[in-house]
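> Below you'll find the structure I mean.
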Protein chains: 2
Amino acid sequence: MVTSRREPLSTEPYKGVRDLYPYDMQVQSFIFEIMRRTVMQYGYAEYGASLLEPTELYLAKTSEEIVTEQTYSFRDRGDREVTLRPEMTPTVARMIAARKRELAFPLRWFSIVNVFRYERPQRGRLREHWQLNVDIFGSSRADADEEVLVLTHRLMTAFGAADSDFTIYLNSRKLYLALMQAYGLSDTETRAFQGIRDRREKISDEQFKREALSLTGNKLTVADIESLGKASLDFFLNHANDNVRRAAEEIANLAKKLAERGVSVRFDFDLERGFDYYTGIVFEVFDTNPMNKRSIFGGGRYDNLLDIFDAGEMPAVGFGLGDVTLRDFLETHNLLPPPKPSADLYLCRPDSEKSDYVHALAAKMRELGLRVAVDLSGKSIGDQIKFADKHGVRHIAVIGTVELKKGSFTVRELVSGTETTIPESNLDQILEIVKQAQ
Amino acid sequence: MVTSRREPLSTEPYKGVRDLYPYDMQVQSFIFEIMRRTVMQYGYAEYGASLLEPTELYLAKTSEEIVTEQTYSFRDRGDREVTLRPEMTPTVARMIAARKRELAFPLRWFSIVNVFRYERPQRGRLREHWQLNVDIFGSSRADADEEVLVLTHRLMTAFGAADSDFTIYLNSRKLYLALMQAYGLSDTETRAFQGIRDRREKISDEQFKREALSLTGNKLTVADIESLGKASLDFFLNHANDNVRRAAEEIANLAKKLAERGVSVRFDFDLERGFDYYTGIVFEVFDTNPMNKRSIFGGGRYDNLLDIFDAGEMPAVGFGLGDVTLRDFLETHNLLPPPKPSADLYLCRPDSEKSDYVHALAAKMRELGLRVAVDLSGKSIGDQIKFADKHGVRHIAVIGTVELKKGSFTVRELVSGTETTIPESNLDQILEIVKQAQ
């Protein structure tokens, strides 16, 4: 219905999402380009998918809180239940299950996609954000875990972060399960203990211990519970139980290989990351800056990828790196690029009616790889230069019939005022001048 | 609610949207990169926004059919009406209205974003597609129209299209309005005549003429109506009415300037493109191939951009180029790139337990700019090579302790079997070998 409105419309975006004006878009492109280039260096192939998914894709596996309270779900005009994807894993699982026979495993895949959660917007959390997803599908080897952690580290350094700017914490779901088994806990008790561990920061220490004891049928002592909180890897390496020792040795081996490749990781038995989902290693990268001491991203091994499709075994290990928390990190550590003007050179023209020469010259400069804007204002040359300056363009040239006759023109660097005359017969010279300033 | 499912989930995507497996993703990246590079050469700045918009943004201006029948709209958990954007113009109008005072006009802006329409999927039409939006905001000069048409042409040739592969048709809403005024039609009659013209292909010739006569109060004769259908620009250039002549001269001037810049356009008074929206030129690019004789994309001038915000005058001219129709065009004309493997080189390793040397070498190669995959399968060398081949990788090298001792390794081109030995001290050599094959 076309209504005739009287009240002017709001210019605000929808709650919890961002408008990307050119500088914010530059930052996003900078982030995506570094993500893409870095993972492609390791032989990863990019995939993508629509953000619209059948809701049933999330009913089986995604955490209950997310599906029932935090997704954007609705019924389409054809009465289909649709969800805006809250994460990428169910989608990629669907894609792999559909072509399992044609694809050659192990697969190295990545995507850079947006995901949606209905939650209260706050620092580091928006209703829509973009996420780099990096995974190896079809390998259960420690090699694959190692590569994913190397890439985790490599991504951080590709953005200019120093090793002291972040810490990679490592844990293992396998170790946790082996330990619970060593204590004689049933699956139900193990899950219940996990549940209370997840809530630990929301309750008092006393309540935590009391509930932990009761939920585990007193198979753990208060001393056990206390020791777990600060347990080093040595504690598990020296454990009486074979399975616990073996799981701890896997972590020790992985950490050793990573150290040989310049990647240091820190064991942390308290690291959980929604344990239900993971089956092997879990890891998380934290900012070390006291002003922004928060999780940047993380991942782990989840060998149950295709369970919801009844499509057989498919080991997987990977991580998801979101752009909102990453941008916060880069801002905190002063690693964002400065704004870049949208043109390398602004061509002013005294008489826009006679512009054949300007356009021909601009076309040649573009062939050299320059980004060239030709004035559209038709104002005085002084105003044209002011306009270029306002857009942050560093170099201008005035091109008119005089320049056409002379066969040369003068480039001016706006900040210093330095002028260089360039013969049209030697147009390449302009590249040096413009590149020098960058 | 976490249900325990028995039936396996479908692996199909949601109706009318696409999964992008690596080759499709490559094609999309190829398309976006050429779009981005081409418009950036002309000094355009990229912007972006979330696809979630308040529904009210579309109630004022978007065509009735689209809002009431074709949008994805729903109520969020906070009772806000939300719409997945069906087009980008209302969003960019919102962004410009919000920062009108800070921005320096004319602005050259572009975006590459996805848009959503609930409609029956068919060739060239999906429920989600991506679109390059290119606009000049804040210039009502013919210069701006000219640049937008040059860019339209330049984009097509940047994708490898020859001038004979497509035709750019040009018309003018201003010319149409001047002509209707010359016939003495009121605004209501003009709109009514437009309405019947839009439906012309759906009704008989006789019905069209009868309704046209009645809707225009018999101010047009049957001869007028017949002559309009095939009218050349000369018809309007020689018209008795001054405003009609002037509007026709503007088109003739524009076409002349475009011809000087190597862009030919064809006048077509029947070209309409939802005239209500446009205020000046309108244009549309058609494929000339008889197998795919359809519109690829189009645009025009719409000087009423900010009306819905009561934010004053803002002339605008631009176009939107969708990826689905463009890909069809590129496919028809054999202009899509061949599949590219996700690694330049695959490193096989006889003993993955002793891989320090392999990883160190791979790291050096990546620094040279190569995309290097290290084997993760741990299988026999023969199987590792087969795997590389299956992934389409052209070059492999086997790296083991022998190579570590020798300080050199052998690269094999899989198709020809050509082998080259490369000393580690001269690693750069590998670039030539790998690049040669590309």
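> I need the phi-derived Karplus couplings for the stretch B:73-83: 6.51 cos²θ - 1.76 cosθ + 1.60, θ = phi - 60°, integer Hz, Gly and Pro marked x.
Coupling constants for the stretch B:73-83: 10, 7, 9, 7, 5, x, 6, 8, 7, 10, 10 Hz.
> For the protein assembly as shown, what is the charge dipole size about the Cα centre, in debye to the nearest 20, if Lys and Arg each add +1 at the Cβ and Asp and Glu each add -1 at the Cβ?
Working: 118 positive and 132 negative charges, 28 e Å.
The dipole of the protein assembly as shown has a size of about 140 debye.
> Using a 1.4 angstrom probe, figure out how much accessible area the stretch B:345-433 has per residue, in square angstrom, rounded to the nearest whole.
Working: 4260 Å² over 89 residues.
So the stretch B:345-433 comes to 48 Å² accessible per residue, rounded to a whole number.
> For B:171-182, what's the mean count of beta carbons from other chains sitting within 10 Å of each residue's beta carbon? Could the numbers behind the result be given before it?
Numbers: counts 0, 0, 0, 0, 0, 0, 0, 0, 0, 0, 0, 0.
Averaged over the peptide's residues, the number is 0.
> Report the calculated FRET efficiency for A:GLU367 and A:ALA158 (r = Cβ-Cβ distance, R0 = 22 Å), to the nearest 0.05. Numbers along the way, then the final one.
Working: r = 31 Å, r/R0 = 1.43.
Efficiency at R0 = 22 Å is approximately 0.10.
> Other chains near B:386-392: what is the mean number of their Cβ atoms within 10 Å of each residue's Cβ? It would help to have the intermediate numbers written out before the result.
Working: counts 1, 3, 2, 1, 2, 6, 1.
Per-residue shielding by partner chains comes out at 2.
> Out of residues 5 or more away from A:TYR72 or on other chains, whose amide H comes under 5 Å of its own, with H placed 1.01 Å from N in the peptide plane?
So A:TYR72 has HN proximity to A:LEU84, A:TYR118.
> For the stretch A:115-193 and the stretch B:165-182, what is the separation of their C-alpha centers, rounded to whole Å?
Value for the Cα centre distance between the two parts: 59 Å.
> Kindly report, to the nearest 10 Å², the accessible surface of B:TYR118 as traced by a 1.4 Å probe over protein heavy atoms only.
The value for B:TYR118 is about 40 Å².
> Angle between the Cα long axis of helix A:242-260 and the longest principal axis of chain A, 0 to 90 degrees, nearest 10?
20 degrees
> At a 10 angstrom cut-off on C-beta neighbours, averaged per residue, how do the peptides A:48-57, A:230-239 rank from highest to lowest?
Working: A:48-57: 20.9, A:230-239: 15.4.
Ranked by mean Cβ neighbours within 10 Å, highest first: A:48-57, A:230-239.
> Using alpha carbons only, how many degrees (0 to 90, rounded to 10) separate the axis of helix B:356-367 from the longest principal axis of chain B?
30 degrees
> Follow-up question, since we're still on this one. For A:ALA45, which sequence-distant residues (separation of 5 or more, or a different chain) have an amide H within less than 5 Å of its own amide H, given hydrogens modelled in the peptide plane?
A:ARG108, A:TRP109, A:PHE110
> Percent relative contact order of the stretch A:259-406, based on C-alpha pairs within less than 8 angstrom and at least six residues apart? Walk me through the numbers before you get to the answer.
On the way: 196 pairs, mean separation 25.1, N = 148.
Relative contact order for the stretch A:259-406 comes out at 17 percent.
> Can I ask one more? So which residue, out of B:SER416, B:SER352, B:SER295, gets the largest mean-square fluctuation from a GNM of chain B using Cα contacts under 10 Å as springs?
It is B:SER416.
> Let me ask another. Considering only the label points, 7 Å along Cα→Cβ from Cα, what distances in nm to one decimal separate B:ASP242 from the same position in each other copy, shortest first?
10.3
> If you roll a 1.4 Å probe over the protein assembly as shown with all protein chains in place, what percent of the accessible area is carbon or sulfur?
Values: 18270 of 38610 Å².
Exposed carbon and sulfur together represent 47 percent of the surface.
> Summed for both chains, how many Å² of accessible area, to the nearest 100, are buried between B and A with a 1.4 Å probe? Can you show the working numbers first?
Values: alone 23780 and 23770 Å², together 38610 Å².
Buried area (both sides, nearest 100 Å²): 8900 Å².
> Subtract the Cα-Cα distance of B:LYS386 and B:ARG75 from 0.36 nm times their separation in residues, and report this length gain in nm to one decimal. Present the calculation step by step, with values, prior to reporting the outcome.
Values: separation 311, 0.36 × 311 = 111.96 nm, distance 5.24 nm.
Result: 106.7 nm gained on full extension.
> Continuing with this model, one more query. Filter A:LYS379/A:LYS406; A:LYS390/B:LYS100; B:LYS364/B:LYS406; A:LYS293/B:LYS364; B:LYS364/B:LYS435 down to the pairs with a C-alpha to C-alpha distance above 22 Å, please. Intermediate results must be reported in sequence, preceding the final value.
Working: A:LYS379/A:LYS406 24 Å; A:LYS390/B:LYS100 14 Å; B:LYS364/B:LYS406 17 Å; A:LYS293/B:LYS364 33 Å; B:LYS364/B:LYS435 17 Å.
Where the Cα-Cα span goes over 22 Å, the pairs concerned are A:LYS379/A:LYS406; A:LYS293/B:LYS364.
> Mind checking A:50-57 for the average number of partner chain beta-carbons within 10 Å of each residue's beta-carbon? Provide the component values of the computation, followed by the final result.
Values: counts 13, 7, 10, 3, 6, 1, 5, 5.
Mean shielding count: 6.
> What residue of chain A has the nearest C-beta to the axis that moves A onto B, and what is that distance in Å, given as a whole number?
In chain A, the Cβ lying nearest the symmetry axis toward B is A:PHE74, 2.
> What does the helix-only formula give at 222 nm for chain B: each DSSP H stretch with n ≥ 4 adding -39500 (n - 2.57), the total divided by the residues, and the result rounded to the nearest 500 deg cm²/dmol? Before the final figure, lay out each step's value.
Details: 15 runs with 161 residues, N = 438.
Using -39500 (n - 2.57) per qualifying helix, the result is -11000 deg cm²/dmol.
> Work out the FRET efficiency for A:ASP205 and A:ARG266 from their Cβ-Cβ distance, taking R0 = 35 Å, and round it to the nearest 0.05. Before the final figure, lay out the partial values.
Details: r = 24 Å, r/R0 = 0.67.
FRET efficiency, A:ASP205 to A:ARG266: 0.90.
> Follow-up. Sorted from shortest, what are the nm distances separating the label point of A:GLY160 from equivalent points in the other copies, each placed 7 Å from Cα along Cα to C-beta?
Result for A:GLY160, in nm, nearest copy first: 3.7.
> A further question on this structure: Compute the label zone of B:ASP198 within the stretch B:265-303: residues whose backbone N is under 12 Å from the point 7 Å along Cα-to-Cβ.
Of the residues in the stretch B:265-303, B:272-278 have backbone N under 12 Å from the label point off B:ASP198.
> Based on the Cβ-Cβ distance of B:THR167 and B:SER416, what FRET efficiency does E = 1/(1 + (r/R0)^6) give at R0 = 45 Å, to the nearest 0.05?
On the way: r = 44 Å, r/R0 = 0.98.
Taking R0 as 45 Å, the efficiency between B:THR167 and B:SER416 is 0.55.
> With a point put 7 Å past each Cα toward its Cβ, work out how far A:GLU313 is from A:GLU249 in nm, to one decimal.
My value for the distance between the label points is 2.1 nm.
> Between copies, how far apart are the A:ALA259 label points? List them in nm, one decimal, shortest first, with each point 7 Å from Cα toward Cβ, please?
Output for A:ALA259: 7.8 nm, nearest copy listed first.
> Just want the answer: with Cβ charges of +1 for Lys and Arg and -1 for Asp and Glu, which residue in A:MET291, A:LEU185, A:ASN218 is farthest toward the dipole's positive end in the stretch A:177-313?
A:MET291
> Next up: Between 0 and 90 degrees, rounded to the nearest ten: what's the tilt of helix A:89-98 against the longest Cα principal axis of chain A?
Relative to chain A, helix A:89-98 is tipped by roughly 90 degrees.
The values are calculated or read from the model by the stated rules, or taken from the named source; none is laboratory data. Source: prediction; values computed, not measured. We place every Cβ from the backbone using ideal geometry, glycine too, and count neighbours over all the protein chains shown. Side chains are part of the model used for accessible areas, which takes the heavy atoms of the whole protein and leaves out ligands, DNA and RNA. Shrake-Rupley method; radii C 1.70, N 1.55, O 1.52, S 1.80 Å.
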